[in-house]
Amino acid sequence: MQNKSARYYAFLSIGAAVLTIGLKLGAYLLTNSVGFLSDALESGVNLVAAIFAVWALTYAAKPPDEEHAFGHSKAEYFSSGFEGALILFAAISIAIAAFPRLLHPQPLEQIGLGLVLSVVASAINGGLALVLLKAGKRLHSITLRADAHHLLTDVWTSVGVILGVLLVSVTGWLVLDPLIAILVAVNIIWTGGKLIQESGSALLDASIPLEERMMINEILSPYDRQKIQFHAIRTRIAGARRFVSFHVLVPGAWTVQQGHDLCEEIESAICASLPNINVFTHLEPLEDPKSWTDQEL
């Protein structure tokens, strides 16, 4: 799957969501467990989020145009934020469904078969989440990473529900079923909040990760011995794309060709080390005082 696009994995997520919704709804209808219902509702959110992710990844892949000279890659953050909002909506729905059962507990039925269906659905989600995490890291896609974290949350949700149903069957305490569902809702709220926060930070032109900034510094540091300096180093991230700009200060006696060749060399080295990065350099004479007054521009 090394050559698969991010959209391929998003479509894979859609298929898995449809399958797990069927399994979890079956578990709910068999057992009458509000915990299994809450699990099915979260899988419904997975489906809507995966469909939106396909749109976001398709739009983000569009090449730059006259109105969007830096491309459309930030569309991925709308998908991540939208998924976070959907998670919060699912949490509220789960709490609403669980509260009446807390006041009036209901007996559970056919627990064994319901548990089997839930375990199968959890296995599907867990396997897909690991695939999406790996693909999201390789493709630098926040959309796939958000979907993977959501699926992992779904897995832990299912584990909690399964344990709750098992405890109900062993102890006979029917109130445990809605209590587990409410705890699931709280856990989902935490995940949704983190996704929204991450998306909002990126939309405000957050810097690229620290380890990537350190890689850039390592590429630039050897040039100090050649009496070349750098400042006004700025980075930002937009979906799968990275942007870095900085000023290159060289001896004023250099020719334009020498300065150009140096900038090309540095830009090529950075692009070879970091995928999907755009590098912008600004050449300045080292001895000119004006070269040192524009660091904040």
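The values are calculated or read from the model by the stated rules, or taken from the named source; none is laboratory data. Just so we're clear, the structure is a prediction, and the values are computed from it rather than from any experiment. Here Cβ is always computed from backbone atoms with ideal geometry, including for glycine, and neighbour counts include all displayed protein chains. Note: accessible area is taken over every heavy atom of the protein model, side chains too, but ligands, DNA and RNA are not part of it. Shrake-Rupley method; radii C 1.70, N 1.55, O 1.52, S 1.80 Å.
Brief remarks follow.
- Tally of residues being hydroxyl-bearing (Ser, Thr, Tyr) and free of Cβ contacts under 8 Å to residues at least 12 places away in the same chain across the stretch 136-171: 1
- Residue ID - modelled with the highest pLDDT, chosen from residues in the stretch 119-159 that are within 14 Å of Tyr8 (Cα to Cα) and in contact with a Ser or Thr (Cβ under 6 Å, 6 or more places away or on another chain): Asp147
- The residues of the stretch 129-141 that are surrounded by 23 or more Cβ atoms within 10 Å (Cβ to Cβ) and part of a helix (DSSP H, G or I), listed by number, are Leu132, Ala135.
- Positions within the stretch 1-40 being in contact (Cβ under 8 Å) with a residue 24 or more places away in the chain, small (Gly, Ala, Ser) and part of a helix (DSSP H, G or I), in sequence order: Ala6, Ala10, Ser13, Ala16, Ala17, Gly26, Ala27, Gly35, Ser38
- Val18 meets all of the listed conditions (1) buried (at least 17 other Cβ atoms within 10 Å of the Cβ); (2) closer than 30 Å to Leu179 by Cα; (3) at pLDDT 85 or above but one, namely (1).
- Look at (1) closer than 20 Å to Ala146 by Cβ; (2) touching a Gly at 6+ places or on another chain (Cβ under 9 Å) and you find that Val48 fails only one, number (2).
- Residue under evaluation Ser73, criteria (1) among the polar types (S, T, N, Q); (2) part of a helix (DSSP H, G or I); (3) crowded, with 20+ Cβ neighbours inside 10 Å, criterion not met: (2)
- Verdict on Pro285 being open to solvent by less than 80 Å² (accessible area, probe 1.4 Å) and at pLDDT below 90: no
- Complete set of residues in the stretch 44-61 that are touching a residue at least 40 places away in the same chain (Cβ under 8 Å) and closer than 15 Å to Thr20 by Cβ: Gly44, Val45, Asn46, Ala49, Ala50
- Index of the failed condition, Trp173 passing every other in (1) in contact with a Leu (Cβ under 9 Å, 6 or more places away or on another chain); (2) assigned to a helix (DSSP H, G or I); (3) surrounded by fewer than 16 Cβ atoms within 10 Å (Cβ to Cβ): (2)
- Restricted to the stretch 248-273, and to residues there that are surrounded by fewer than 19 Cβ atoms within 10 Å (Cβ to Cβ) and touching a residue at least 40 places away in the same chain (Cβ under 8 Å), the residue that is farthest from His140 (Cα to Cα) is Ala269.
- Contact map, the stretch 220-234: residues that are open to solvent by 80 Å² or more (accessible area, probe 1.4 Å) paired with residues that are in a helix (DSSP H, G or I), Cβ distance under 9 Å, separation 6+ or inter-chain. Pairs shown: Gln226/Leu262; Gln229/Tyr223.
- In summary, Ala232 fulfils each of the numbered conditions (1) part of a strand (DSSP E or B); (2) modelled with pLDDT of 90 or more with the single exception of condition (2).
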